[in-house]
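J.: Got a structure here, written out as structure tokens. Questions coming.
The values are calculated or read from the model by the stated rules, or taken from the named source; none is laboratory data. Everything quoted here is computed from the prediction, not taken from an experiment. We place every Cβ from the backbone using ideal geometry, glycine too, and count neighbours over all the protein chains shown. These area figures cover heavy atoms from the full protein model, side chains too; ligands, DNA and RNA do not enter into them. Shrake-Rupley method; radii C 1.70, N 1.55, O 1.52, S 1.80 Å.
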Amino acid sequence: MIVSIEPTKPVPVESAEPVALRSGLGELNDLSDVLSMLGKVDLDAIAGEQIADAVVDLHSLKNRLDALFATSLRSLADSRVLDGPRMRSAASFLKVNTHMSGGVADRWKRVAHRLCDMPATEASFKAGRISLEHVLVMVSVYNHRQCRWAFEAAEAADLIPAAETKDWVYFKACCDRFVQVADPSQGENRADDQEAKAAVHLSPTLDGMYRLDGWLQDVEGEIVSNELTRLEQAEFRADWGEAKQRLHRDPNKGDLSRTTAQRKAAALAVMARRSAALGSAPVANMPCINVLIDWETFVAVTNQMSGLDAELPADGLRQTEAGHNVSPTQLAQLLLDGHVRRVVFDPKGHVLNFGYKTPYFSGALREAIMLRDRHCKEPGCGLPARLCEIDHIKSRRDHGETSEYNGQALCGFHNGAKNFRSHPQPVLTSHPHRLTWYIPKTE
């Protein structure tokens with residue numbers, strides 16, 4: 001038997017019909033028509049600057065649609081339509097009728113259920129100023145029952161403004177900080193939970209390799225991460241030099257012989273070999289982890305360690321360089337271990353000032369700016385300051401001094417591009433851990 005199969009012609013993209021709406025709402029039909037009209041716009045014929053603005057506009061509109069979706073889901077749950085043996089929750093309805101995964105459906109259910117208790121978050125979400133990601137973090141903050149007494153005031157005064165105007169790293173840090181201040185016991189409970197959860201598994205596989213996965217506590221994890229990153233950078237420089245010698249030019253990232261993950265695997269092996277070579281001999285140079293604390297917290301902790309009656313300030317700063325909140329017990333243990341560099345900020349949030357005579361940011365001055373900024377100061381970047389370049393805000397040729405006030409952490413890309421941009425650049429003010437923005441003058 002010979003079976004002949006005729007090739008089918010592909011359906012042109014232009015002939016694809018939009019999904020038919022089932023609700024019968026005229027407003028949704030109008031919205032569908034507008035989307036169809038937007039889909040026919042030739043984006044390649046539009047100027048790049050206008051496309052960039054359109055991307056931001058579309059993101060805001062998407063946020064508004066997400067907010068409408070959440071409120072409609074809440075109305076559906078309140079209507080009792082879902083009552084019955086087969087459709088017991090809004091999440092079940094979404095999984096059956098929209099083919100969402102269970103995890104995504106549960107997230108939407110949480111958002112729809114909680115938004116009515118978070119008026120400032122709901123208003124900002126409906127206006128398109130924050131995204132679903134921001135709302136999910138706000139919901140997780142609200143779910144800390146011990147924090148609800150202060151949530152309403154902090155939501156409108158601090159958290160939502162941070163979500164609307166700052167980058168993700170800053171917003172997330174504000175939320176973590178609020179939880180730490182509103183519920184001081186949460187830090188101790190979190191440390192206990194992390195200690196119980198910490199575990200590492202290393203198993204041989206059938207093909208002779210080893211599979212590594214696990215969980216580390218925040219402080220121990222930061223120590224491992226810092227050393228792994230340092231050794232990976234050494235592996236990167238070796239790969240870069242090999243590729244440059246092979247190609248006789250500066251290589252691109254794709255020209256390197258190994259990926260970042262492969263270099264990290266090699267760095268982990270280097271760590272193990274060094275430990276094996278050291279054996280049980282005493283460690284000459286213990287790893288240093290930076291813990292940032294304010295003066296009042298430092299005095300209170302040291303007094304408690306001495307057996308004196310001292311109360312920790314509720315809003316005291318006690319964080320590692322990577323932004324992990326440290327419980328009072330962890331902080332006392334780290335101070336006892338003696339392998340902590342205490343970085344104590346003055347009331348204005350500044351650390352050091354070396355004046356104009358020092359031409360480069362190095363040594364203690366570099367460490368001070370790195371610990372103050374913690375991440376690349378370009379909005380939205382978020383590269384840890386330890387991997388960034390420390391450079392002048394006001395350049396030396398414009399008589400800018402080499403001081404903590406005039407230094408900032410920028411990743412290599414943004415530091416190289418800072419002289420060719422016209423969008424706002426961050427400048428330190430006298431307020432601790434705050435930024436103000438200005439447009440540089442163009443000649």
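J.: Take the residues in the stretch 179-229 that are more than 15 Å from A265 (Cβ to Cβ) and among the basic types (K, R), then tell me which one is modelled with the lowest pLDDT.
T.: Across the stretch 179-229, the extreme among qualifying residues is R190.
J.: Of the residues A182, A123, A127, only one is more than 21 Å from the chain's Cα centre (by Cα) and without any contact (Cβ under 8 Å) to a residue 12 or more places away in the chain; which? Please lay out each step first, then the result.
T.: Details: A182 fails: without any contact (Cβ under 8 Å) to a residue 12 or more places away in the chain; A127 fails: without any contact (Cβ under 8 Å) to a residue 12 or more places away in the chain.
When all the criteria are applied, what remains is A123.
J.: Right, another one. With the requirement that a residue be in a helix (DSSP H, G or I), in contact with a helix residue (DSSP H, G or I) (Cβ under 8 Å, 6 or more places away or on another chain) and either open to solvent by less than 30 Å² (accessible area, probe 1.4 Å) or among the aliphatic types (A, V, I, L, M) (or both), what does the stretch 113-133 give you?
T.: Those that are in a helix (DSSP H, G or I), in contact with a helix residue (DSSP H, G or I) (Cβ under 8 Å, 6 or more places away or on another chain) and either open to solvent by less than 30 Å² (accessible area, probe 1.4 Å) or among the aliphatic types (A, V, I, L, M) (or both): L115, A120, T121, E122, S124, F125, L132.
J.: Which residues, taken from the stretch 194-240, are of a type in the set (S, T, Y) and not in a helix (DSSP H, G or I)?
T.: Listed by number, the residues that qualify are S203, T205, Y210.
J.: Could you tell me whether R386 is modelled with pLDDT under 80, under 24 Å from L317 (Cβ atoms), among the basic types (K, R) and open to solvent by 50 Å² or more (accessible area, probe 1.4 Å)? Write out each step before concluding.
T.: Values: modelled with pLDDT under 80: yes; under 24 Å from L317 (Cβ atoms): yes; among the basic types (K, R): yes; open to solvent by 50 Å² or more (accessible area, probe 1.4 Å): yes.
When the stated conditions are applied, R386 passes them.
J.: Continuing with the same structure: When you scan the stretch 235-270, how many residues do you find that are farther than 20 Å from F413 by Cβ, touching a helix residue (DSSP H, G or I) at 6+ places or on another chain (Cβ under 9 Å), in contact (Cβ under 8 Å) with a residue 12 or more places away in the chain and surrounded by 14 or more Cβ atoms within 10 Å (Cβ to Cβ)?
T.: Final tally of qualifying residues: 7.
J.: Then there is this: Which condition breaks for K197 when tested against (1) open to solvent by 60 Å² or more (accessible area, probe 1.4 Å); (2) touching a Ser or Thr at 6+ places or on another chain (Cβ under 8 Å); (3) in contact (Cβ under 8 Å) with a residue 12 or more places away in the chain?
T.: Of the numbered conditions (1) open to solvent by 60 Å² or more (accessible area, probe 1.4 Å); (2) touching a Ser or Thr at 6+ places or on another chain (Cβ under 8 Å); (3) in contact (Cβ under 8 Å) with a residue 12 or more places away in the chain, the odd one out for K197 is (2).
J.: Among (1) at pLDDT 90 or above; (2) in contact with a Ser or Thr (Cβ under 7 Å, 6 or more places away or on another chain), where does A238 come up short?
T.: Result: A238 passes all but (2).
J.: Okay, moving on. Can you find a residue in the stretch 415-425 that is in contact with a strand residue (DSSP E or B) (Cβ under 8 Å, 6 or more places away or on another chain) and either open to solvent by 80 Å² or more (accessible area, probe 1.4 Å) or at pLDDT 75 or above (or both)?
T.: Keep residues of the stretch 415-425 that are in contact with a strand residue (DSSP E or B) (Cβ under 8 Å, 6 or more places away or on another chain), which gives 415, 418, 424-425.
Right, trim to either open to solvent by 80 Å² or more (accessible area, probe 1.4 Å) or at pLDDT 75 or above (or both) and you get 415.
Checked against the condition, which is being in contact with a strand residue (DSSP E or B) (Cβ under 8 Å, 6 or more places away or on another chain) and either open to solvent by 80 Å² or more (accessible area, probe 1.4 Å) or at pLDDT 75 or above (or both), the stretch 415-425 yields at least one hit.
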